[in-house]
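The values are calculated or read from the model by the stated rules, or taken from the named source; none is laboratory data. Remember, predicted model here, so these are calculated numbers, not experimental data. Here the Cβ positions follow ideal geometry from the backbone for every residue, glycine too, while neighbour counts run over all protein chains shown.
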Amino acid sequence: MNANAVLKGDLQPGEARYAIAMSRFNSFIVERLLEGALQTLAAQGVPRERIDIVQTPGAWELPLAAQTLARRKDINAVIALGAVIRGETAHFEHVAGECVRGLRQIMLESGKPVTLGVLTVETVEQAEARSCPSDNKGAEAALAAMEMVSLIARMESR
């Protein structure tokens, strides 16, 4: 590889272990995100025994679960799944914003990928559209986790 080449990750499963932190609130959407993530990881060759799943009450609690998982030496990446749907109060802004900021902070502090499969949408219809089989943000978060695990390994070995 020449000095000007661009390093990229790939979707080879290797021996990586993944953790999925999912919220229970809005479970009718989050379960669909989980299904997308699990199907995607399986399709890329990640055995189910290398995937841990934990469930939090809601999106607010996802950063703490993700932080605990990211601290584990055997976990290479955390996939965060949730759905925050706007209501009639400002609660949406607080939960959605702090959840995303918390997940970003954990990723930066741990040096491990923490991918964002947390929907922050205006309506149930938007959440359903982003959790359907053809456009599943849980699946996208799983692919991003795999790619980042690979990319980090390549960057560290250079």
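Can you go through MET155, MET146 and tell me which one is on the phi < 0 side of the Ramachandran plot and surrounded by fewer than 13 Cβ atoms within 10 Å (Cβ to Cβ)?
Sole residue among the options that is on the phi < 0 side of the Ramachandran plot and surrounded by fewer than 13 Cβ atoms within 10 Å (Cβ to Cβ): MET155.
Matching residues to (1) closer than 23 Å to THR56 by Cβ; (2) out of contact with any His (no Cβ under 6 Å at 6 or more places or on another chain); (3) at pLDDT 95 or above:
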residue	(1), (2), (3)
THR89	yes, yes, no
GLU93	yes, yes, no
LEU108	yes, yes, yes
VAL114	yes, yes, yes
GLU147	no, yes, yes
SER150	no, yes, yes
SER157	no, yes, no
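Considering every residue within the range 75-96, establish whether at least one is free of Cβ contacts under 8 Å to residues at least 24 places away in the same chain and of a type in the set (Ser, Thr, Tyr).
Yes, the range 75-96 contains a residue that is free of Cβ contacts under 8 Å to residues at least 24 places away in the same chain and of a type in the set (Ser, Thr, Tyr).
Report the residue count in the range 32-68 for those that are part of a helix (DSSP H, G or I) and either within 20 Å of ALA83 (Cα to Cα) or over 14 Å from the mean Cα position of the chain (by Cα) (or both).
Residues that pass the stated criteria total 24.
This table checks each residue for (1) out of contact with any helix residue (DSSP H, G or I) (no Cβ under 7 Å at 6 or more places or on another chain); (2) more than 22 Å from LEU38 (Cβ to Cβ); (3) in a strand (DSSP E or B).
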position: THR89; (1), (2), (3): yes, yes, no
position: MET107; (1), (2), (3): yes, no, no
position: VAL118; (1), (2), (3): no, no, yes
position: GLN126; (1), (2), (3): yes, yes, no
position: ALA139; (1), (2), (3): no, no, no
position: ILE152; (1), (2), (3): yes, yes, no
position: GLU156; (1), (2), (3): yes, yes, no
